[in-house]
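Please read the structure below before turning to the comments.
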Ligand code: SF4
Ligand code: SF4
């Protein structure tokens, strides 16, 4: 997978307009996403450190597995 | 020239007909903006009058700093709030003041086009604007190009990204903005969306300067604002008031119920304010500790005999119907909130559980739409649960108040032919 940057933070962002509530993201990234009563994802808003490889890997799975391509990983540096 | 401390500023010499260009220039002096408009705007401390209260100069500077050959200035006179009539009355008295402000800003940010947006059902506003634009075009073809647009009359159609979307692509649906601040665009051209009342204020600042503008209002909220008072009043009116006027004075002037149970401030995505706080000055810095804001200048007076929960329920029901239904939490969550409130107002089954679910759903929905529509509804529901706390407790115990059975209501809701009717273009 090449060299991965391990410093900095990321959040998983959903575009609520695109999301149709298939719920794949909650299965692919259970540590970041829960599902509300209507089936739409509630995503953890607190930034996660990139050094948490498990969470980052799940976020990437979710990003790629979302059938509506509604998810995006937003990376930023610590302030 | 209007004196710095006299009150009708925006409504100066307002008559029942829109002023023509010649009359307008006689009233407000001809339009020659002062040199450093951006600095003056900054010094004036003008905040947007569309609801969010964001400093205008920051927004203008942001678009000013975008590098682009084409830019747009959009005049937002959509006024989706059923209880608000300020833009309507501005268009029907001083359409040229609004256009002046738009032209000043267009010159400032370097925009070649001005799009004036008036809701399709607002016939008188459209007529006034059409005539004003025509008068300007006849006098001079220089300057930015003015166009009138008539998006559909929906609550969210006046949201700035929905308005831009309409101008860009004929769909008045809000857009998702991943990061904020976000540059809205028509094609590739950055767009500056400003509320009509804000632009009228810009026109005055452009003529008379920031220190003149600060002659009224408090140091943090300078100037005057238009307030639409409705509910328990003799006649619903739009009045101009200095920011920082005590609420009681405004109510007296509007000939409203002097001992109301509560006031709905800001709009239908605003909050309730208990009637105890009538001596609070009407400006954001004094209202903020009470969890309320000036918003779009809406003031609905709720008398003691009415039931706040039922009123809130009706508003939330309507707001749920006005959702653009693009985002799940908004499309499903808002009807759920309306249902929850109905269960609290007229308890059937387990009302305590309904109340608990209502509070949980408020937490779940907040901040999860593409626009702030659901956030406004959540704010309204939360403030209702807080302000009408005692009534809620009584309703939940099955002891509904008399007001909840009354068929007279105070918050105006447009009638739909069918409750679930929804027409999107
Ligand atoms: S996988 Fe995509 S479409 Fe499905 S719920 Fe998650 S974000 Fe929405
Ligand atoms: S939050 Fe509601 S009103 Fe806003 S875009 Fe989403 S569905 Fe439409």
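The values are calculated or read from the model by the stated rules, or taken from the named source; none is laboratory data. For clarity, every value in this text was computed on a predicted model and none was experimentally measured. Positions of Cβ are generated from backbone atoms using ideal geometry, with glycine treated the same way; all protein chains shown enter the neighbour counts.
Taking the options B:361, B:325, name whichever one is within 16 Å of ligand 1 (Cβ to nearest atom) and in contact with a helix residue (DSSP H, G or I) (Cβ under 6 Å, 6 or more places away or on another chain).
It is B:325.
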Take the residues in the stretch A:37-79 that are crowded, with 18+ Cβ neighbours inside 10 Å, within 16 Å of ligand 2 (Cβ to nearest atom) and assigned to a loop (DSSP other than H, G, I, E, B); name whichever of them is farthest from the chain's Cα centre (by Cα). A:40
Filter the stretch A:10-23 down to residues that are modelled with pLDDT of 90 or more and more than 16 Å from ligand 2 (Cβ to nearest atom) and give me whichever is nearest to residue A:67 (Cα to Cα). A:12
Does residue A:26 qualify as being near ligand 1 (Cβ under 9 Å from one of its atoms), more than 10 Å from chain B (Cβ to nearest Cβ) and in contact with a helix residue (DSSP H, G or I) (Cβ under 7 Å, 6 or more places away or on another chain)? no
If you scan the stretch B:37-56, which residues turn out to be modelled with pLDDT of 85 or more and surrounded by fewer than 18 Cβ atoms within 10 Å (Cβ to Cβ)? B:38, B:39, B:42, B:43, B:54, B:55
